[in-house]
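Okay, structure first, notes after.
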Amino acid sequence: MKRIRTIAAVVAVAAVFATTACTSTPPGSSSDPSEKANLTFWSWVPGVDKAVDLWNKENPNIQVKLEQTPAGSSGTYAKMYSALKAGKGAPDLAQIEYQELPGFVLENGLVDLKPLGMGVESSKFVDWQLAQSTFGDSVYAVPQASGPMGLYYREDVFSALGLKAPATWDEYAAAAKTIHDANPNQYINTFAPGNSAWFTALAWQAGAKWFGLDGDTWTVNIDSDTTIKVASYWDKLREAGLIKTEPDFANGWYSDLQNGNIVAWPSAQWGGSILSGNAPTTAGKWKVAPLPQWDSTYASANWGGSSTAVLKGASNAQAAEKFAVWLNTDPQSISLLIAGGYGWPAAKNALAGSTLDKPEEFLGGQNANKDVFKKSDESINTSWGWIPTTANTYTHLNDGFQAAVEGNGTFVDAVKAAQTATIADLKAKGLKVRAGD
């Protein structure tokens, strides 16, 4: 497939505002992977400790010390930025989500891996995930995993009500009413007001494109007609009382999944491990279907996804690059990461013959990865990209969604407010920006 040039790939235009250029091998760091090296690695990927142990056993000259950290947005990114600014305390390698990479590039915090091996090794990765790590002619991270989406649903509940997995969002809304009318304690799902990344993925699937670059000017189009359509859709379900609005990944939500008060979840492939780990007594009752569609053209989206990056000042950037590529391409390493539930591998051909390519007992014997997520991954709109202030945009949306849940405004209002605030954020960075068309 022809290499896709996403907006993330041209974020290098914005990166010229940084005071210095990233170099392939930072001053003072060794570039010889045959030398003995001791590397530090920050990550919160499930199962990564077992992969690191395997590497250390097989590579005595390059030893990696893993520091398992909280998720990036839970303080780890802030800690990285502080260490980079101070010029000390940063790890050699770190897990960085795709949407966060532009911010680190803008701050001159990452090493260009292309001259260190990724120029050749890049052919091992799925094009669209590689594009998330590629800025201009530079590759600033090794792709790790993504989150192609599908619809997890309680087949037993749907079947008892004469429902099939909804193929369209109109059918999804109708199913929400049927389910709640039959049992007032039961809802099709929750709109989590604090998880705007999930909403972003749904806008992505609908065909929205929030961010672009026109010459040296960023464009922001969060409040496009497409996104407003998605926000309005969820506003209507909320106003009709057909969905919950509790936080996801919290005790109340886990309890609702376990006791059957929530019976569907538009989620990423990694969502299966969340369900099986937190609602074990529902094993065999879930199935996965493609995401409901807005029109006759099948579309999917991505929720989540991470890379392994080498940070500026790494003690041995060449050795760090070698480990990062191994971590995300070696079959044994990938198997260990899959077992931990890290997501959909970025390495090409990782599905065939892996532990992903088999029926799942929790899903009643369905091979959802083969049946649903493979096509989902192949159908993601790869023109989507990010800006250096994506985290701020998420905060603006979260604040607006929470206000709507509390009776102050709507989800549509939240989207419009996030548009204005995001433009202000980019201006505050000294970047040129305008509203999108």
When (1) at pLDDT 95 or above; (2) out of contact with any helix residue (DSSP H, G or I) (no Cβ under 6 Å at 6 or more places or on another chain); (3) hydroxyl-bearing (S, T, Y) are applied to S123, the one that fails is (1)
Pairs with Cβ under 6 Å, 6+ apart, first in the range 285-313 and more than 18 Å from G72 (Cα to Cα) and in contact (Cβ under 8 Å) with a residue 12 or more places away in the chain, second of a type in the set (D, E) and not in a strand (DSSP E or B)
K285/D156; K287/E155
Of the conditions (1) buried (at least 18 other Cβ atoms within 10 Å of the Cβ); (2) more than 21 Å from G304 (Cα to Cα); (3) in contact with a strand residue (DSSP E or B) (Cβ under 8 Å, 6 or more places away or on another chain), W210 fails just one. Which one is it?
(2)
In this structure, is W294 under 20 Å from the mean Cα position of the chain (by Cα), under 21 Å from F199 (Cβ atoms) and assigned by TED's automatic domain parsing to the domain that holds A167?
no
Hey, any hits in the range 290-301 for a residue that's at pLDDT below 95, buried (at least 21 other Cβ atoms within 10 Å of the Cβ) and outside any helix (DSSP H, G or I)?
yes
Within the range 75-98, can you find the residues that are surrounded by fewer than 22 Cβ atoms within 10 Å (Cβ to Cβ), among the polar types (S, T, N, Q) and touching a residue at least 60 places away in the same chain (Cβ under 8 Å)?
none
Just need a number here: residues in the range 360-381 that are surrounded by fewer than 22 Cβ atoms within 10 Å (Cβ to Cβ), among the polar types (S, T, N, Q) and within 23 Å of the chain's Cα centre (by Cα).
3
Based on this model, can you work out whether D216 counts as of a type in the set (D, E), surrounded by fewer than 19 Cβ atoms within 10 Å (Cβ to Cβ) and more than 24 Å from the chain's Cα centre (by Cα)?
yes
When you go through G313, G304 one by one, which is the residue that is on the phi > 0 side of the Ramachandran plot, not in a strand (DSSP E or B) and not hydroxyl-bearing (S, T, Y)?
G313
Is it the case that L337 is assigned to a helix (DSSP H, G or I), in the same structural domain as Y98 (by TED's automatic domain parsing) and at pLDDT 95 or above?
no
Kindly list the number of the only condition in (1) outside the structural domain of T200 (by TED's automatic domain parsing); (2) touching a helix residue (DSSP H, G or I) at 6+ places or on another chain (Cβ under 8 Å) that fails for G272.
(1)
Could you list, in sequence order, the residues of the range 103-154 that are of a type in the set (S, T, N, Q) and buried (at least 24 other Cβ atoms within 10 Å of the Cβ)?
Q129, Q132, S133, T134, Q144, S146
The conditions are (1) closer than 24 Å to G271 by Cα; (2) more than 16 Å from the chain's Cα centre (by Cα), and T390 fails exactly one of them. Which is it?
(2)
Do the conditions hold for G277, that is, is it surrounded by fewer than 22 Cβ atoms within 10 Å (Cβ to Cβ), assigned by TED's automatic domain parsing to the domain that holds G343 and closer than 30 Å to F125 by Cβ?
no
Which members of the range 340-369 meet the condition of being aliphatic (A, V, I, L, M) and at pLDDT below 90?
A350, L351, A352, L356
Screening L110, L163, L116, L202 for residues that are without any contact (Cβ under 8 Å) to a residue 40 or more places away in the chain and either in contact with a Ser or Thr (Cβ under 9 Å, 6 or more places away or on another chain) or not polar (S, T, N, Q) (or both) leaves only L163
The conditions are (1) in contact with a helix residue (DSSP H, G or I) (Cβ under 6 Å, 6 or more places away or on another chain); (2) in the same structural domain as V139 (by TED's automatic domain parsing); (3) surrounded by fewer than 17 Cβ atoms within 10 Å (Cβ to Cβ), and S315 fails exactly one of them. Which is it?
(1)
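The values are calculated or read from the model by the stated rules, or taken from the named source; none is laboratory data. Keep in mind that what you see is a predicted model, and the values were worked out from it rather than measured. Every residue, glycine as well, gets a Cβ built from its backbone with ideal geometry; the counts of neighbours run over all protein chains shown.
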